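What follows is calculated from the coordinates using simple rules that are stated; it is not laboratory data. The shown structure was predicted, so the numbers you read here are calculated from the model rather than taken from an experiment. Virtual Cβ from ideal backbone geometry, glycine too; neighbours counted across all protein chains shown.
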Amino acid sequence: MKIFSYLLLTICTTSLFASVSLHNADGTKYDLYVDHGSSAVHTSINGNTTTSICSKDCKIKLKSNGASIEAKDGDKIEIKDGALSKK
């Protein structure tokens with residue numbers, strides 16, 4: 001019973017705090033447009049950093065070259081050589 005309770009707590013806690021993670025592997029700062037569906041925000045990410053970019057599904061677009069990617073809750077997105085990809 002204790003094991004079941006622990007597993008249930010772990011699953012619920014993990015889903016509560018999941019988000020989309022964005023890692024910029026380039027040394028360049030990028031300006032971004034993040035569309036959350038019902039709202040959107042203009043933001044940026046410095047070079048060689050990682051951040052939580054949205055808490056649920058979103059679309060991330062690099063302003064510099066128009067590259068974009070659809071991200072779902074829990075995805076890890078990377079910017080490398082000016083391109084967006086899922087890890």
(request) Could you grab me the full set of residues in the range 36-56 that are touching a residue at least 24 places away in the same chain (Cβ under 8 Å) and over 17 Å from K86 (Cα atoms)? (result) none
(request) Considering only the range 25-72, give the strands (runs of 3 or more DSSP E) lying wholly within it that have at least 1 residues that are touching a Leu at 6+ places or on another chain (Cβ under 9 Å), among the β-branched types (V, I, T) and surrounded by fewer than 16 Cβ atoms within 10 Å (Cβ to Cβ). (result) 40-45, 49-54
(request) Looking only at the range 18-60, count how many residues are over 14 Å from I77 (Cα atoms) and among the hydrophobic types (A, V, I, L, M, F, W, C). (result) 2
